[in-house]
1. Compute the Cα gyration tensor for segment 138-200, then decide on rounded, prolate or oblate, letting a ≥ b ≥ c be the square roots of its eigenvalues: rounded whenever a/c is under 1.5, prolate when a/b is larger than b/c in the other cases, and oblate in all that remain.
2. Can you classify segment 222-355 as rounded, prolate or oblate using the Cα gyration tensor, where a ≥ b ≥ c are the square roots of its eigenvalues, rounded means a/c under 1.5, and otherwise it's prolate if a/b beats b/c and oblate if not?
3. Based on the mean of other beta carbon atoms within 10 Å per residue, what is the order of 159-165, 405-411, 25-31, most packed first?
4. Give me the percent of accessible area attributable to carbon and sulfur for segment 52-101, probe 1.4 angstrom.
5. I'd like the FRET efficiency for Thr71 and Thr417, computed as 1/(1 + (r/R0)^6) with the beta carbon distance as r and R0 of 41 Å, rounded to 0.05.
6. On the protein heavy atoms, probe 1.4 angstrom, tell me the percent of accessible surface of segment 127-203 carried by carbon and sulfur.
7. By how many nm would the segment from Leu227 to Thr385 grow when fully extended, if each residue of separation counts as 0.36 nm and the alpha-carbon distance is taken off?
8. Explain nothing, just the number: dipole magnitude of segment 137-258 about its Cα centre with +1 on each Lys and Arg Cβ and -1 on each Asp and Glu Cβ, in debye rounded to the nearest 20.
Amino acid sequence: MQRTLISAAIAAGFVLAAGQAGAQALTSAQMAAVPAANTLFISGATAPQQTLIDTIETNLCAGTFTRLRSTAGNSARYQGWGCTRSGTQVAIYYTTLGSNWGVQPVLAGGTGRNTPRIDPNACATTAGVSRDNCTVNGITASIPDVGVSDIRPTAFISPNLPSSAQLISEYPELTAGGAPTATYAPVFAAITSPYTGGGAIDAVQGVVFGVAVNNTLGALLQSAQSLTVTPNVRDNRAPSIAKNVVSGILGGTLTAADDIDVALGVDTSGLPGPTRYVVCRRVPTSGTQAWANVYWLRNGSFPDADLTAAPAANTSDWGSLGKDLVYVSNVTGGNVRACMNRATSSGVPAIGIISAENDNNAGAAPSGVANTWSFAKLDGIPMETSTATPPTQATNLTNAKLGTYDNVGEVVLNRRTTLAGVQGSMYTTLRDNLRGAAVCTTGSAVSTGAVQMAGVGSDSTCKTVWSRDGNPFTTGKRK
């Protein structure tokens, strides 16, 4: 494999666009009236969701905005922001249905496809910044200006394509009578078709992915590896899993709990069962899942899911499937967290795939269950090297930046065409602030096109950035 290139960038703080003083939040009615030329519609991935939201709110809207969300919290599928930029009323929409929605609907045929976005007129008029619990049946169709994916569009070929049946199951709000509505049938067809080229692609961030173990499995591994039991960490105190074992579990070559026990060096035979392991994977429309297929299985395919959602907390049997190994397909990273947490509540060991931006030390999860999982080392190598006491989730991702931890993908922004005017200004601000510094130096060496590492603070005197060869199938694969 080729080595991920890590270097350091010359300090350059994020700068707000000129004229942002006096920014104002828009009412829902004002936001609905913003013309298309002043609207930026983004569709796609969930893994970089928090970083992108922070950039929208801080850099596009200068911290003053009205926010619309289909549900409460930053993991809402449908979101929007209304604010002023240089005295101009603008709207930004972000629909997070998975990376595939940021590729084919934006790039297919160079024409774009209608995808859903939230409708400001369908939102509750609650007080404060947020208009939460906007009605899902109020979504409206638009062609995305920008798509975001966790991996370059060239990865969206078989097996990283969902079936129409899977899309219907995952997005019932876009269907009627068991089929996509007339509005969304064309985009369903586009998403199930391989990417063949077109459009423009801008790399913006390196994104670190991890293997998560819930506290039930983590405690077993820590005991077997003679580690101090410290749940909810992802640094050098975390337990380790061999990469080939992860590939076997995720890829379905280790299909029995007894075999997994032997591979991990633990014993789950005393669990009440019948389920002794849960695998919390993502859905086929997810860039996280596409990256997992590339990295862990050399673009092979994961086993079919047994469940499309985790059971309620404290259940003793995952669906009464009578299986000791159960695969759960999750629409979002938040659903993976819930899957891990609910497995812990049930006393069932679980393993999951999730990006490092997901905070496993943040208290209550979206499901209302406390976060009860940790990132594991891979072949003894953690994402980072902090040994803070008391246990905290470190944010430096040291080993990922150095390339010794190589489960690192690439977030990209996809466009049909060059965006001009207000749209172009908003896009440039979004892209540049996601990237960080465009030029980095190490001693006398200069590298251009470097990008920010997602989830890593940028307020140091020298930004740490990341760059990768553009072909995902020749870089970053497991050893």
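The values are calculated or read from the model by the stated rules, or taken from the named source; none is laboratory data. Quick caveat: nothing in here was measured; it's all calculated off a predicted structure. So basically every Cβ, Gly included, is an ideal-geometry build from the backbone, and we count neighbours across all protein chains shown. Heads up: the accessible areas ignore ligands, DNA and RNA and are worked out on the full protein's heavy atoms, side chains in. Shrake-Rupley method; radii C 1.70, N 1.55, O 1.52, S 1.80 Å.
1. Verdict is oblate for segment 138-200.
2. rounded
3. Numbers: 159-165: 16.3, 405-411: 26.4, 25-31: 18.4.
Packing order, densest peptide first, comes out as 405-411, 25-31, 159-165.
4. That fraction is 41 percent.
5. The pair Thr71/Thr417 has a calculated efficiency of 0.80.
6. Carbon plus sulfur share of accessible area: 56 percent.
7. Stretched out fully, the Leu227 to Thr385 stretch lengthens by 55.3 nm.
8. On the way: 4 positive and 7 negative charges, 66 e Å.
That gives a dipole near 320 debye.
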